[in-house]
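Below is one structure. I have some questions about it.
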Amino acid sequence: MKSALSTTLLLLLYSSQAIAFFAPAASLIRSTQSTPSTSYSRTTMSAAAANFDETRGGTHSIADQVARFAKAKAENNPRYLDIDSIYDGGDLSGKRVLVTGGNRGLGLAIVKELVAIGATAIVVCRSSSPELEKLVGKWNVYDGVDVVDDEAVKKVAKRIKGDGGALDVVINNAGYFYGPQELVKDDTLNFDEQLKQINICALGPLRMNNALINAKALAEGAKLVIITSQAGSVEWRSTQNKDVGGDYGHHMSRAACNMAAVLLSEEVKSMGYSVLLLHPGFNKTEMTKKYEHIWEIEGAVDPAIGAKRVLYEVMKNGMEETGKFINCEDGLEIPW
């Protein structure tokens, strides 16, 4: 029995997935065996780690933000460095597009760009402003709605359907990022704030999409877009948070957001709706201001540029890409 178990574990270790998920078990194998095959397994694991291609042959983005930006500059990548060189916007002209959290930051920039390209922008937010109402029309602003409020979200979905008809695109942009750094060793974890981020960033999009679907507020072939973050990639934590950790609520909320979106994509594809997960790139907004000291070296951009990056991916992707996690900086996938 012991021999069969050892053989099974060793066979598992020969696959790259097993290396990733069973690495902690390597010490157990070493402690219970002293055969040459154990040494070979360690060598195989080390070689696989050294040769691992995080781009998966060029389909995926790379985790190191500084290196990613430097690579784009070295290659003079227009997709990354000059979105205007490939962005048109015409495909969204005349479409009805809902944006949550469209009253400030990246959300407001997306709304401005939608208006500029001839789309009808509908904004759901907690608070409005004269600028926003002048931009899209007071009748297209549904303020006083918090995405954590079940009843408010259900009511606004029904109002939007009744007021102007079906939506072609929904951009779930509303989010929240707790400012202070959270570290276990400093005893600075704020569990209430972690739950708040999960409620807004993970349950918020699910709550809104659920309400709109059940209110029959979506047009045929509608796209459900979720502005998530590279922070939700578990694989990338060993690069972007290496030896530090931290920001627990932020990362957990985005990972949960991604899981909900992928599940939703599987459920609603038979209804003709696609679900797209977008990391909008590094944008210079109030939400990322805690990182302004690295804005330039990591290629942070003005929200107006970030908005075009987002809308480019919205137009480009559809049912074939449903459930995929895409980096709007380079258009490549981000690993889970």
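Anything in the stretch 78-103 that is of a type outside the set (A, V, I, L, M, F, W, C), modelled with pLDDT of 95 or more and not in a helix (DSSP H, G or I)? List them, or say none. It would help to see each step written out before you state the result.
Residues of the stretch 78-103 of a type outside the set (A, V, I, L, M, F, W, C): 78-80, 82, 84-85, 87-91, 93-96, 100-103.
If we keep only those that are modelled with pLDDT of 95 or more too, we end up with 80, 82, 84-85, 87, 93-96, 100-103.
If the condition is that a residue be of a type outside the set (A, V, I, L, M, F, W, C), modelled with pLDDT of 95 or more and not in a helix (DSSP H, G or I), then D82, Y87, S93, G94, K95, R96, T100, G101, G102, N103 are the ones that fit.
Select from the stretch 265-280 the residues that are in a helix (DSSP H, G or I) and open to solvent by 10 Å² or more (accessible area, probe 1.4 Å) and list them in ascending order.
The initial filter retains those residues of the stretch 265-280 that are in a helix (DSSP H, G or I), namely 265-271.
Answer for the stretch 265-280, where residues must be in a helix (DSSP H, G or I) and open to solvent by 10 Å² or more (accessible area, probe 1.4 Å): E266, E267, K269, S270, M271.
What's the number of the condition D243 fails, among (1) over 30 Å from L167 (Cβ atoms); (2) surrounded by fewer than 18 Cβ atoms within 10 Å (Cβ to Cβ); (3) touching a residue at least 60 places away in the same chain (Cβ under 8 Å)?
Answer for D243: the failing condition is (3).
With respect to I213, determine if the residue is in contact with a helix residue (DSSP H, G or I) (Cβ under 9 Å, 6 or more places away or on another chain), of a type in the set (A, V, I, L, M) and in contact (Cβ under 8 Å) with a residue 60 or more places away in the chain. Reasoning before the result, please.
Values: in contact with a helix residue (DSSP H, G or I) (Cβ under 9 Å, 6 or more places away or on another chain): yes; of a type in the set (A, V, I, L, M): yes; in contact (Cβ under 8 Å) with a residue 60 or more places away in the chain: yes.
Yes, satisfied.
Something else: Among (1) in contact with a Pro (Cβ under 7 Å, 6 or more places away or on another chain); (2) touching a residue at least 24 places away in the same chain (Cβ under 8 Å), which single condition is A121 missing?
(1)
Taking the condition of being open to solvent by 10 Å² or more (accessible area, probe 1.4 Å), outside any loop (DSSP other than H, G, I, E, B) and touching a helix residue (DSSP H, G or I) at 6+ places or on another chain (Cβ under 6 Å), how many residues in the stretch 117-134 meet it?
Qualifying residue count, the stretch 117-134: 0.
Let me ask another. For A116, only one of the following conditions fails: (1) closer than 23 Å to N283 by Cβ; (2) within 24 Å of the chain's Cα centre (by Cα). What is its number?
Unmet for A116, out of (1) closer than 23 Å to N283 by Cβ; (2) within 24 Å of the chain's Cα centre (by Cα): (2).
Can I ask one more? If I filter the stretch 207-223 down to residues being of a type outside the set (A, V, I, L, M, F, W, C) and surrounded by fewer than 21 Cβ atoms within 10 Å (Cβ to Cβ), which single residue comes out as nearest to V147 (Cα to Cα)?
The residue in question is N210.
Still on this structure, please answer the following. Before we move on, is G204 open to solvent by 20 Å² or more (accessible area, probe 1.4 Å) and either not in a helix (DSSP H, G or I) or not aromatic (F, W, Y) (or both)?
Working: open to solvent by 20 Å² or more (accessible area, probe 1.4 Å): no; either not in a helix (DSSP H, G or I) or not aromatic (F, W, Y) (or both): yes.
Criteria not met by G204.
Only one of (1) out of contact with any Leu (no Cβ under 9 Å at 6 or more places or on another chain); (2) without any contact (Cβ under 8 Å) to a residue 60 or more places away in the chain; (3) surrounded by 17 or more Cβ atoms within 10 Å (Cβ to Cβ) fails for I305. Which number is that?
Result: I305 fails condition (2) only.
Could I ask something else about it? Taking V244, is it among the aliphatic types (A, V, I, L, M) and touching a strand residue (DSSP E or B) at 6+ places or on another chain (Cβ under 9 Å)? Give the steps one after another, and end with the answer.
Details: among the aliphatic types (A, V, I, L, M): yes; touching a strand residue (DSSP E or B) at 6+ places or on another chain (Cβ under 9 Å): no.
The answer is no for V244.
Yes/no matrix, rows are residues, columns are (1) of a type in the set (A, V, I, L, M, F, W, C); (2) at pLDDT 95 or above; (3) assigned to a loop (DSSP other than H, G, I, E, B); (4) over 18 Å from the mean Cα position of the chain (by Cα):
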| site | (1), (2), (3), (4) |
| --- | --- |
| G221 | no, yes, no, yes |
| S253 | no, yes, no, no |
| L263 | yes, yes, no, no |
| H293 | no, no, no, yes |
| E296 | no, no, yes, yes |
| I305 | yes, yes, no, no |
| R309 | no, yes, no, no |
| E313 | no, yes, no, no |
| E329 | no, yes, yes, no |
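If you scan the stretch 143-184, which residues turn out to be open to solvent by less than 30 Å² (accessible area, probe 1.4 Å) and over 15 Å from G204 (Cβ atoms)?
Across the stretch 143-184, the qualifying residues are I160, G165, L167, V169, E182, L183.
Next question, about the same structure. Select from the stretch 185-201 the residues that are β-branched (V, I, T) and within 30 Å of G318 (Cβ to Cβ) and write down the one among them that is most open to solvent (accessible area, probe 1.4 Å).
Step one: of the stretch 185-201, the residues β-branched (V, I, T) are 188, 198, 200.
Cutting the leftovers down to within 30 Å of G318 (Cβ to Cβ) gives us 198, 200.
Working: I198: 47, I200: 24 Å².
The selected residue is I198.
The values are calculated or read from the model by the stated rules, or taken from the named source; none is laboratory data. Predicted, not measured: the structure shown is a model, and the values here were computed from it. Glycine gets a Cβ as well: all are built from the backbone with ideal geometry, and neighbour counts include every protein chain shown. Keep in mind that these areas ignore ligands, DNA and RNA; they rest on the heavy atoms of the full protein, side chains included. Shrake-Rupley method; radii C 1.70, N 1.55, O 1.52, S 1.80 Å.
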